[in-house]
Amino acid sequence: MAHGLAAVIEEELIFEEEILQAAILVAMESDEEEERWREEKERLQQPTRVEGYFDRTIPLYNLHEFKSHFRMERASFEQLVPLLGPHLTLRTVPVEKKLLATLWLLGNKKSFRSVADRFDLNKGYLHGIVLEVCAGLRAVRPQFLNWPDREEQSQIENSFLRKTGFPEVVGCIDGSHIPIPGPSDHRAAYINRKGFPSIQMQAVCDDNLRFLDVIAGWPGSVHDARVFRNSPLYELLEAGNVNDDHHLLGDSAYALTQYIMVPFRDNGHLTEEQVNYNTRHSSARMAIERSFGLLKSKFRRLHYLDMRLLDKIPLLIMACCVLHNFILVKERIEVPVQDMEIDDPDDLIPLEGGPQPQPINQRAALKREMLVNLLA
């Protein structure tokens, strides 16, 4: 009996020892797995730098690859470097590298981290570089983006007439929304009529899609007409900068004035001549939509500008517009008009701040009727 009991106890001890050994093995494997997981997590958190991209890879790009990545031809880039060099004073990174990193960031929707990794830069340092380059572009703005004098206005008028058949046009004006994340404070002010937060950009362009005037920074809920009334351009036009026989083309968000011709509101009773005027007006005014479309197709970051520093957003938008004009001056447009991305025009929904019922500007109305007869 005793012998049998001892055997049972011995078997139980062996079984418990096997369980203990198995538990130890599981614990060891668990610790190893946890260690592997921790190492993998740390590896993923470390930036994956692209070694030699600036020094070795970019120089090997052919002309097509370079333009595809940086939105301009290599020859144009080589002219831009000395132009911006004097305005980029922090010398720890070459001017060429700063400019290429900024062009890559503006031309793509990639995150700041991925662009920083590609150019072997610290993410925070890249933010500083981008703002520095954009400030440099703003500094050279007068060379590429400026309001035309009267002689240049006449040249634009002749070019518009030759291309569109619409007389006396010296530019087309409109607003465009740049989507942003939206601030936590006063967020409602940035929600536009289409339901997303944005920053307003108002621009005037010529028939070659070159911007003549740009202002950016108003919250998305503000009506185009209010942005215009509070712009330096409004003061310029009110002061008589444009000849009486010249005008901009704007949509019906703007008031009819001597210097802005707008379409007739369709009340269902327009004459055949007025309908024809509206059609010709719309066709000529599409230049501004094409300008916005070309701008956003080159600098795709403007499709969604993921920036929290609201005061820096206008700087980045302006930099893209200066680059847009620089490229148009140095290169020709290669995108056929029928294939060009067109900016989505605003639906003309009456909003606070828009044109309110007011006495008709008789001189402007008479001028528009004269245009109706000319185009009939």
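Observations, loosely collected:
- Any chance Asp213 is closer than 22 Å to Glu157 by Cβ and either open to solvent by 60 Å² or more (accessible area, probe 1.4 Å) or assigned to a strand (DSSP E or B) (or both): yes
- Applying the set (1) over 21 Å from Gly250 (Cβ atoms); (2) at pLDDT 95 or above; (3) among the basic types (Lys, Arg) to Lys367 leaves exactly one unmet item: (1).
- Pair list, Cβ under 7 Å, 6 or more apart: segment 145-157 residue within 10 Å of Asp206 (Cβ to Cβ), other residue assigned to a helix (DSSP H, G or I) and β-branched (Val, Ile, Thr): Pro148/Ile156
- Residues satisfying the stated conditions in segment 256-309, i.e. open to solvent by 40 Å² or more (accessible area, probe 1.4 Å), among the hydrophobic types (A, V, I, L, M, F, W, C) and either in contact (Cβ under 8 Å) with a residue 40 or more places away in the chain or on the phi > 0 side of the Ramachandran plot (or both): Met286
- Figure legend. Inter-residue proximity from segment 83-104: first residues without any contact (Cβ under 8 Å) to a residue 24 or more places away in the chain and farther than 20 Å from Glu65 by Cβ, second residues assigned to a loop (DSSP other than H, G, I, E, B) and open to solvent by less than 10 Å² (accessible area, probe 1.4 Å), beta-carbon distance below 7 Å, spacing 6+ or different chains. Indicated pairs: Val95/Leu88.
- Considering residues of segment 189-210 that are part of a loop (DSSP other than H, G, I, E, B) and under 22 Å from Gly171 (Cβ atoms) only, the residue most open to solvent (accessible area, probe 1.4 Å): Asn208
- When Asp346 is tested against (1) modelled with pLDDT of 80 or more; (2) out of contact with any Pro (no Cβ under 6 Å at 6 or more places or on another chain); (3) surrounded by 18 or more Cβ atoms within 10 Å (Cβ to Cβ), only condition (1) is not met.
- Hits in segment 115-127 - residues which are closer than 10 Å to Lys98 by Cα and either under 19 Å from the mean Cα position of the chain (by Cα) or open to solvent by 70 Å² or more (accessible area, probe 1.4 Å) (or both): Leu126
- If the condition is being in contact with a strand residue (DSSP E or B) (Cβ under 8 Å, 6 or more places away or on another chain) and part of a loop (DSSP other than H, G, I, E, B), then segment 241-259 contributes Val242, His246, Gly250, Asp251, Ala253, Tyr254, Gln258, Tyr259.
- Scanning segment 77-100 for residues that are within 19 Å of Met318 (Cβ to Cβ) and touching a Phe, Trp or Tyr at 6+ places or on another chain (Cβ under 8 Å) yields Leu80, Leu99.
- Test for Thr92: is it at pLDDT below 95 and out of contact with any Gly (no Cβ under 6 Å at 6 or more places or on another chain): yes
- For first residues located in segment 217-229 and under 14 Å from Arg187 (Cα atoms) and open to solvent by 10 Å² or more (accessible area, probe 1.4 Å), partners that are of a type in the set (Val, Ile, Thr) and outside any strand (DSSP E or B) and lie 6+ apart or on another chain with Cβ distances below 8 Å form the pairs Trp218/Val227.
The values are calculated or read from the model by the stated rules, or taken from the named source; none is laboratory data. Quick caveat: nothing in here was measured; it's all calculated off a predicted structure. Every residue, glycine as well, gets a Cβ built from its backbone with ideal geometry; the counts of neighbours run over all protein chains shown. Note: accessible area is taken over every heavy atom of the protein model, side chains too, but ligands, DNA and RNA are not part of it. Shrake-Rupley method; radii C 1.70, N 1.55, O 1.52, S 1.80 Å.
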